[in-house]
Structure formats: C-alpha cells, structure tokens
Amino acid sequence: MASFDSLGLIPQLLKAVQKKGYKTPTPIQAKAIPAILSGRDVIGGAQTGTGKTAAFALPLIERLNANPGNNPRALILAPTRELVVQIHREIELLARYTNIRAMTVYGGVSAKPQVRSLRRLPDIVVACPGRLLDLAGSGDAPLDGIDFLVLDEADHMLDMGFLPDIRKIL
Ligand code: AMP
C-alpha cells in the first residue's frame, strides 16, 4: 500500500495530513496526487467519502506553494454552497502550514464579504458558478491569473444545468 511519504508531498503538507489523522492515502489519492504534481490534467471518478477533496487539494496547494504569487491562481467550482464550504474547510486544514489561502463564493448571502475577501487576493477561490459569474461581471472577481481549474462533482454540475455558466467562466 502507498504511503503519503512516497507521493512526493512537501513536509508542510505531510504534517497537515498527519494532524488530520490520515494514515494512508485512499486509492484516488494514491493515483491522482502524483499525476497532478507532475503537471498532468486529471479526470477522477470516485464515490463520495473516498477522499477526493484531498486528492486534488494536496497537489494543488503544493504547486501553488512552489510558485508564490499574489493573485487568485486556482479556481475550484462546485455545484452547491454546502460543498463549497466543505472543500474550503478541508483546504484551510491541509494548507495550515503553508502560506496558501482560500476563500468561498456562493449565492444566497450578501456578496459584500466575498468581494472584500477577493480584494485580499487569496490563492484559491472555491465557488458556485452563478455567484462567481455575477462577481466577475461586476469586475469584483479577478480571474485573469487562474492557472488551475477543478470541477468538483462535474457530473452533478452538468445535471444541474451549470454548463452554460461554466462555459462562460472558462
Ligand atoms: P471526501 O471524499 O473528500 O469528502 O472525504 C471524505 C472524508 O474522508 C473526509 O472526512 C476526509 O477528511 C476523510 N479523508 C480524506 N482522506 C483520508 C485519508 N487518506 N485517510 C482517512 N480519512 C481521509
């Protein structure tokens, strides 16, 4: 069985993984982490609860950490506010020993705090497509520097009719 040590992750991430109590990588983590670290595009399929968030978040944080910047460089799109909040929480915990910071964008709440957070230029934006498009339209979401895109639960996003919004964001 693979170990986290053998996946090529930096010590700050190994420490965060240990602190979370993860002992061995799940199958999707063992496959996706080295592929993403090597710069490949990846499509992953796995059931809920199989650790797919860390499967993309760990190598993403590592690659952002290797090339520091001061603008949003990674965009993670997800279909629901609950999922956006959950992904953000996992990223905050996994990135705790790095300088990488994330924030959330979703509808149904005031946009003002989100706009303020975007002005602080986080590394990672975790967003629902609709609100992100609103903020991009009003010039409040700087997306020019995005190098990494994650479509979480891509199948659900398509089922829920998000394809036109995703196309516009792309
Ligand atoms: P996810 O599929 O990303 O929603 O993750 C499901 C749950 O598994 C979350 O509570 C994670 O914190 C946890 N988890 C992720 N990776 C591991 C791992 N390698 N070992 C144990 N738990 C994990």
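When you scan the range 22-29, do you find a residue that is in a helix (DSSP H, G or I) and near the ligand (Cβ under 9 Å from one of its atoms), even just one?
yes
In the range 67-91, of all residues being of a type outside the set (Asp, Glu) and free of Cβ contacts under 8 Å to residues at least 24 places away in the same chain, the one that is nearest to residue 108 (Cα to Cα) corresponds to 85. Restricting the range 45-82 to residues that are more than 9 Å from the ligand (Cβ to nearest atom) and over 23 Å from residue 98 (Cβ atoms), the residue that is most open to solvent (accessible area, probe 1.4 Å) is 82.
The values are calculated or read from the model by the stated rules, or taken from the named source; none is laboratory data. Nothing here was measured: the structure is a model prediction, and the numbers come from that model. Note: ideal-geometry Cβ built from the backbone for every residue, glycine included; neighbour counts use all protein chains shown. For the accessible areas, the whole protein counts, side chains as well, though only heavy atoms, and no ligand, DNA or RNA atoms are used. Shrake-Rupley method; radii C 1.70, N 1.55, O 1.52, S 1.80 Å.
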